[in-house]
Amino acid sequence: GCVLVVSVIEQLAQWHNSTVKAAMERLCNYIPGKYQIIRHMLCCIDREMNADVVCHSLKLCKQDPGQPLCHLYAPPKVSWFSTFFKATDCGSFTGFSSVCAFPLLANLCEKIKYVMRNKLPFEDFDGDKFSTFPTLRGYHWRGRDCNDKNTTVYPGRRPDHWDVKSDSNCNGIWGVDPKDGIPYEEKFCKGADSQGVVLLGDSAGAHFHIPPEWMTVTQMSAKSFANLPMAFTDELDWPQFSEITGFLNSTIGGWTDSLYLRLRRRNRCNHRDLQNISQNGITYFPTNIAVYLSFSLARNQLLDNPAIVIYATIGNDVCNGNRDTLAHMTTPKEMLSNVMQALRYLDSRLPNGSHVILTGLVDGRFLWDNLHDRYHPLGQLNRDITYSQIYSFLDCLQVSPCSGWLTPNETLRNLTSERALQLSNVLKEIARSEKFANFDIFYMDFPLRQTAEEWHKMGGEPWQLIEPVDGFHPSQIAAALGTRITWQKALHEWPQVLGRENPFNDQIEAIFKDQGGH
């Protein structure tokens, strides 16, 4: 983090032909107030040293005994480098071991740690696992609560007495038609196969994204960082634009198309019935995944509508930042045990008539093949930092999102893809052979090849399907195209999963417009 920030400051000075101090002030003026912790770096950056050198001087970067010296840029001569470290006293950040140690951010970080640990909304006054607050696992992640003081009112439930008096399931349909005395919910939604969508996923499902304009100085302005507070409190995820549960128009490039939006268009009664239970990083997935699900999933078997559950941990089981990455990958035996445990739990919680779709793992060789020799946003000004260098830097720090695929070692990339295929085959066999009481189960390969082909037909390049800053996650374009491909597969092979098209959709929308709603 330090190296990235210092690099941006030095490039700002270069781009605007200013001093480093002026560049620091420029960046501070761009960033919302309480996030301006970078002012503390001013002393060292004023020395105009290489970003690696500055961050080691601040003691935010270090070299552990017996470990290699991790650097993004070419290091200075060894003798000078060593002398600089011994002689320079820029002060130290040892009292601030992370950004969360800064007083202004400590309280916010505690909130973020809570929601990351529990995968539940921080602001949830009635405890029904739904919120009226957007971030901190609020309605960006789950359908928006319409009464946060009543635990029996939440998205996805069956209507209470056809919602004659109030909206118990938050789909906006309630009251009685004065023309015939029939409740709107009964008239429009009875027998309409209403169902929600739930994603159990990883950082790809959560839609991890770092805006490239945060580190591309030629595009940088105060407007670039306007979304920083929201992004920070959503864990740098953008589930509101994601492939499965996205519901807002994308502000991060591309367009939003999601399984939820398509189900909602098919049946307007499905409004707000979504849950994105995804988490960045493999370290947050416990061995006992059933416990993880039990605490986070909001579905009452007796009171709620059925749901389509997408189980899509497309990379976590083979991706880690360990030096001996193969030894830390999930084995086929572990995969079978973990997934079966989760499915048995789901069978005890999901309403009858639900569906589960298991998504295979991605073939991540696509990443290296299409990005390694391209310039990273941080390297575009001086054409000096490629994705290969970024991958090596993260791997050296042992924080690589995927050491097995983000590596120049072709053998290791192939072995990682081989393990991913083995685990996908486990999921495929589960879908073929296992039966459950309350849901049917399906398998689909992760549609990377079809997505790339579709994008090529539209005149796009393969690298545009990958997040530009982390060089790892699917981009907004890939998410939208993936939705289209998944939907077409479901229409042709599993039409029963999607439910019938509601013939009253136009009437529902017309009533909303008459009442000034949308």
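The values are calculated or read from the model by the stated rules, or taken from the named source; none is laboratory data. Everything numeric here is computed off the predicted structure, so don't read it as measured data. Every residue, glycine among them, receives a Cβ derived from its backbone with ideal geometry; neighbour counts consider all protein chains shown. Surface areas here come from the heavy atoms of the whole protein model, side chains and all, with no ligands, DNA or RNA. Shrake-Rupley method; radii C 1.70, N 1.55, O 1.52, S 1.80 Å.
Quick look at the numbers
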{"item": "Long-range amide H partners of Y443 with built H, under 5 Å", "result": "L358"}
{"item": "Packing-based ranking, highest mean first, of 237-244, 152-159 given that Cβ atoms within 10 Å are counted", "result": "237-244, 152-159"}
{"item": "About the Cα centre, charge dipole magnitude for segment 150-191 (Lys/Arg +1, Asp/Glu -1 at Cβ), debye", "result": "80"}
{"item": "Lysine pairs with alpha-carbon atoms under 21 Å apart, segment 196-507, spacing 8 or more or separate chains", "result": "4"}
{"item": "Helix 332-349 vs. the chain, principal-axis angle (Cα, 0 to 90°, nearest 10)", "result": "40"}
{"item": "Qualifying lysines (Cα of each under 30 Å from Cα of K62; at least 8 residues distant if same chain)", "result": "K21, K34, K77, K86, K111, K113"}
{"item": "Extension gain from S221 to R383, taking 0.36 nm per residue of separation minus the Cα-Cα distance", "result": "56.2 nm"}
{"item": "Filtered trypsin sites (Lys or Arg not before Pro), segment 164-209: DSSP coil and at most 10 other beta carbons within 10 Å", "result": "K179"}
{"item": "Point-to-point label distance, F512-E334, nm (Cα→Cβ direction, 7 Å offset)", "result": "4.4"}
{"item": "The chain: radius of gyration and largest Cα-Cα distance (Dmax), Å", "result": "24.8, 89"}
{"item": "Amide H within-cut-off set for L274, under 5 Å, with H built and near neighbours excluded", "result": "G143, V197"}
{"item": "Residues with amide H under 5 Å from that of I466, placed H, sequence gap 5 or more", "result": "S475"}
{"item": "Spacing of the two label points (7 Å from each Cα toward its C-beta) at R500 and L228, in nm", "result": "5.3"}
{"item": "Size of electric dipole in segment 196-507: Cβ of Lys, Arg +1 and of Asp, Glu -1, about Cα centre, debye, nearest 20", "result": "700"}
{"item": "S166 versus I182: modelled label distance in nm, points set 7 Å from Cα along the beta carbon direction", "result": "2.6"}
{"item": "Average accessible surface area per residue within the chain, 1.4 Å rolling probe, Å²", "result": "45"}
{"item": "Average Cα contact separation per residue, the chain, under 8 Å, 6 or more apart, as relative contact order %", "result": "15"}
{"item": "Within the accessible area of segment 369-518 (1.4 Å probe), percent carbon and sulfur", "result": "49"}
{"item": "Extreme residue, positive dipole direction of the chain, given options L367, L72, T407 (C-beta unit charges)", "result": "L72"}
{"item": "Listed peptides 52-63, 340-351, 449-460 by packing density, highest first (mean Cβ within 10 Å)", "result": "52-63, 340-351, 449-460"}
{"item": "The chain: calculated mean residue ellipticity at 222 nm from DSSP helix runs of at least 4, using -39500 (n - 2.57)", "result": "-11000 deg cm²/dmol"}
